[in-house]
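Heads up: the structure comes next, in C-alpha cells.
Please treat every number below as a calculation from the coordinates, not as lab data. The shown structure was predicted, so the numbers you read here are calculated from the model rather than taken from an experiment. For neighbour counting, all protein chains shown are included, and Cβ atoms are generated from backbone atoms with ideal geometry for every residue, glycine included.
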Amino acid sequence: MYIGTIALGLWFSATSCNGLLADEYAEWPVNIWCWGLFAWYYRSGERKQRIEMLTVVAFATPMELFFSEVWLIYEYQRDLMPLFVPAGHYFLFDLGRICADKIKENWALPMLLPLVPVVFYGAWTGGDTSAVLLLVFVLIFIRLGPQPRLYAAMVWAALAMEIVGTSLGNWTWASEVPWTGLTAWNPPLLVGSFYCLGDVLVNLAVVKFEGKDRLEVHA
C-alpha cells in the first residue's frame with residue numbers, strides 16, 4: 001500500500017494523470033487519497049501509532065517548508081509544498097520500519113558500503129560534495145542512535161523515493177546548497193540522513209509522550 005501510494009501518487013501529481021486533468025487540479029486527488037489513508041490508519045491504530053503519526057506530521061511540515069521555502073535546497077514542481085507530502089512522510093517512515101524489521105541486527109553498517117565509493121566519486125568530481133558530510137551524519141545515527149536498522153533502511157528507502165520524485169519532476173534539488181558552499185546531485189545520494197534525523201526526533205517525542213525515561217537501544 002505504501003509503495004503503491006508513493007509511486008502512483010507522485011506519478012499522478014507530476015503528470016496530471018498523464019494529462020487527463022488540468023495542472024491546477026493534479027495534486028488534489030493525491031491529497032485526498034493520502035490524507036484519507038492517513039485518517040484510516042489513525043482511526044484503526046493504537047495510541048502509540050497515533051502519537052507517531054501526529055509527531056511525524058508535526059515535524060515534517062515545518063521542516064519541509066524550511067528546506068524548500070527558506071533554505072531553498074530544493075523546489076517543488078508547483079512552487080509550494082503539496083498537501084500530500086506530510087502524510088507521505090509518515091508512509092515512508094512506517095515503510096522504513098517494516099523494512100528494518102527484516103534486516104539482521106548486524107547489517108546496518110554493511111548496508112551502507114555500496115554507497116561509499118559513490119560518495120567519494122561525487123566528492124572527487126565535485127558533483128555531490130555534500131554526500132561526505134551526510135555520510136558522516138548517517139554513520140553517527142547508526143552508531144549512536146537507538147534504531148540503527150531503521151536508519152540504514154531509511155537511507156535506501158528515501159533514496160528510492162527521491163529518485164522517483166526527481167525523475168518525474170515533482171521537485172528538484174539545487175546543485176549548489178545555499179549557505180554551505182557544498183554541491184549536491186538531484187537527488188543528493190545521502191538524502192536519507194534528513195529522514196534519519198526525523199526518525200530520531202519522532203522516537204524522542206514518542207518516548208516523552210509515553211512517559212519513558214529513555215529510548216530503547218537496539219544493537
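Could you tell me which of rounded, prolate or oblate describes region 1-114, using a ≥ b ≥ c as the square roots of the eigenvalues of the alpha-carbon gyration tensor, with rounded for a/c under 1.5 and, failing that, prolate when a/b is larger than b/c and oblate otherwise? Prolate, because a/c is 1.5 or more and a/b exceeds b/c.
Hey, what number do you get for the chain at 222 nm if only DSSP H runs of n ≥ 4 count, each worth -39500 (n - 2.57), divided across all residues, to the nearest 500? Can you show the working numbers first?
On the way: 8 runs with 135 residues, N = 219.
After summing the helix terms and dividing by residue count, I get -20500 deg cm²/dmol.
For the chain, the Cβ-based charge dipole about the Cα centre amounts to some 780 debye (Lys, Arg positive; Asp, Glu negative; other atoms uncharged). Applied to region 146-162, the Karplus parametrisation 6.51 cos²θ - 1.76 cosθ + 1.60 on θ = phi - 60° returns per-residue 3J(HN,Hα) values of x, 9, x, 5, 5, 5, 5, 5, 5, 4, 7, 5, 5, 5, 4, 5, 5 Hz, with x for Gly and Pro. Counting alpha carbon pairs within less than 8 Å and at least 6 residues apart, what relative contact order, in whole percent, applies to the chain? Averaging sequence separation for qualifying contacts and normalising by length gives 25 percent for the chain.
Determine the shape class of region 64-143: with a ≥ b ≥ c the square roots of the Cα gyration tensor eigenvalues, call it rounded for a/c under 1.5, and otherwise prolate if a/b is greater than b/c, oblate otherwise. Let's see the in-between values first.
Values: a/c = 2.65, a/b = 1.20, b/c = 2.21.
Oblate, since a/c reaches 1.5 and b/c is not below a/b.
How much of the pair distance distribution for the chain lies past 22 Å, counting alpha-carbon pairs only, in percent?
Summing the P(r) of the chain above 22 Å gives 52 percent of all pairs.
Counting only residues at least eight positions apart within a chain, or on another chain, the lysines with an alpha carbon under 21 Å from that of Lys208 are Lys48.
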